[in-house]
Amino acid sequence: SLRSSASFITTLTAAIIQLIGIMIMNKVYEYLSIRLTDWELHRTQTEHEDSFTFKMFMFQFVNFYGSIFYIAFFKGRLTGYPSSYNRIASFRLDECGASGCLIELTQQLAIIMVGKQILNNTLEIVLPRLKVWLRKRDDVEVKENSAKPMRWEDDLNLADLPEHGLFYEYLEMVIQFGFVTLFVAAFPLAPLFALMNNILEVRVDSNKFVTQLRRPLARRAEDIGIWYTVLEAVANLSVITNALVIAITSDFIPRLAYQYGVDDKPGGYGDENTLSGFVEYSLTQANVSHFSDDNKVIDSTFFKVISNAQAN
């Protein structure tokens, strides 16, 4: 029913709204990066591009990965405890569901990564064609009896190459590399979606550069610039984040310790290497008489049923 899926629907809706906000903030961060880099007045073009690249990546890193880092390592860890919840303006801090934060992390990561790929590929197909169509519409009308336009006349209507050339192609691949490596322990299908996206990206870009954009002017470059340093930093960081996801966010280590390290298991399972009774073992007890008036347990039907069952 809808009520039983309320938690999943809420997480899904929040992730979609987050994706929309991310795509909007991308334009804001791009404008800020351009303005800040121009104000710095770098001596060479290489220094200018490296500075712009670093700013754009840092903005994009916080924009795309901020919510994922929050869910993985902070959500539900600062809420306090039943007799003393931490509150902001009388509202309790957000916390994960009963199953933990790993499922929510996977959903958030999948929606942001796959949604970004779909939106980017759609824009790369639609925008160049739209620009060409607008150029042709604004062009001088050709008479019915006029000769067929020359090839160079058709090329005049093609869209211009973006100001920063292949920068956005690099940025897209680096952000995708971050999705694949930083949290692959939570979303093992990320490399598969990245491969599918890259196969489609090759065909979309080839069609865009050949049929929709003017031929770019060749320009020498020493290397890929600061991108290599960025990729190396993301790869090193991914070792730490995946270790923390396994150790902190998931129940892998507690389950393993219970299965092989706990002899006196609840329910009389003894020293069997099984997970039976793990949920009961992971729960804790609280003396509700210590709770403040604002946090006391309400005598609801649920607690009456529990009390009667314990009495019998």
Answer residue from the stretch 87-136, given it is at pLDDT 80 or above and among the small types (Gly, Ala, Ser) and is nearest to residue 68 (Cα to Cα) among those: 110
Selection within the stretch 4-54 - part of a helix (DSSP H, G or I), farther than 26 Å from residue 110 by Cα and of a type in the set (Lys, Arg): 35
Candidate set: the stretch 15-28, residues that are open to solvent by 50 Å² or more (accessible area, probe 1.4 Å) and in contact with a helix residue (DSSP H, G or I) (Cβ under 8 Å, 6 or more places away or on another chain); chosen: the one modelled with the highest pLDDT: 25
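Which one is modelled with the lowest pLDDT among residues in the stretch 41-79 that are under 16 Å from the mean Cα position of the chain (by Cα) and surrounded by fewer than 14 Cβ atoms within 10 Å (Cβ to Cβ)? Lay out the reasoning, then the answer.
So in the stretch 41-79, the residues under 16 Å from the mean Cα position of the chain (by Cα) come out as 57-75.
From what is left, the residues that are surrounded by fewer than 14 Cβ atoms within 10 Å (Cβ to Cβ) are 58, 62, 66, 74.
Details: 58: 90, 62: 90, 66: 89, 74: 84.
Per the criteria, the residue is 74.
Got at least one residue in the stretch 20-39 being among the aromatic types (Phe, Trp, Tyr) and over 29 Å from residue 185 (Cβ atoms)? Break it down into steps so the answer makes sense when it comes.
Restricting attention to the stretch 20-39, the residues satisfying the condition of being among the aromatic types (Phe, Trp, Tyr) are 29, 31, 39.
This time we only want the ones that are over 29 Å from residue 185 (Cβ atoms), so: 31, 39.
Yes, the stretch 20-39 contains at least one residue that is among the aromatic types (Phe, Trp, Tyr) and over 29 Å from residue 185 (Cβ atoms).
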Residue count, the stretch 92-115 (criterion: open to solvent by 20 Å² or more (accessible area, probe 1.4 Å) and in a helix (DSSP H, G or I)): 8
Residues located in the stretch 116-134, provided they are touching a residue at least 60 places away in the same chain (Cβ under 8 Å) and either closer than 14 Å to residue 197 by Cβ or not in a helix (DSSP H, G or I) (or both): 116, 117, 119, 121, 124, 125
Pair list, Cβ under 6 Å, 6 or more apart: the stretch 232-250 residue under 21 Å from residue 104 (Cα atoms), other residue assigned to a helix (DSSP H, G or I) and not hydroxyl-bearing (Ser, Thr, Tyr): 238/182; 241/182; 245/72; 246/252; 247/253; 249/72; 249/102; 250/102
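Pick from 192, 213: which is farther than 19 Å from residue 60 by Cβ, modelled with pLDDT of 75 or more and within 18 Å of the chain's Cα centre (by Cα)? Before the answer, list the steps.
Details: 213 fails: within 18 Å of the chain's Cα centre (by Cα).
On inspection, the qualifying residue turns out to be 192.
Could you look through the stretch 238-262, keep only residues that are of a type in the set (Gly, Ala, Ser) and part of a helix (DSSP H, G or I), and pick out the one that is least open to solvent (accessible area, probe 1.4 Å)?
238
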Residue tally, condition part of a loop (DSSP other than H, G, I, E, B) and surrounded by fewer than 16 Cβ atoms within 10 Å (Cβ to Cβ), over the stretch 186-225: 13
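The values are calculated or read from the model by the stated rules, or taken from the named source; none is laboratory data. Since the model is a prediction, treat every value here as computed from it, not as a measurement. So basically every Cβ, Gly included, is an ideal-geometry build from the backbone, and we count neighbours across all protein chains shown. The accessibility values were calculated without ligands, DNA or RNA, using every heavy atom of the protein model including side chains. Shrake-Rupley method; radii C 1.70, N 1.55, O 1.52, S 1.80 Å.
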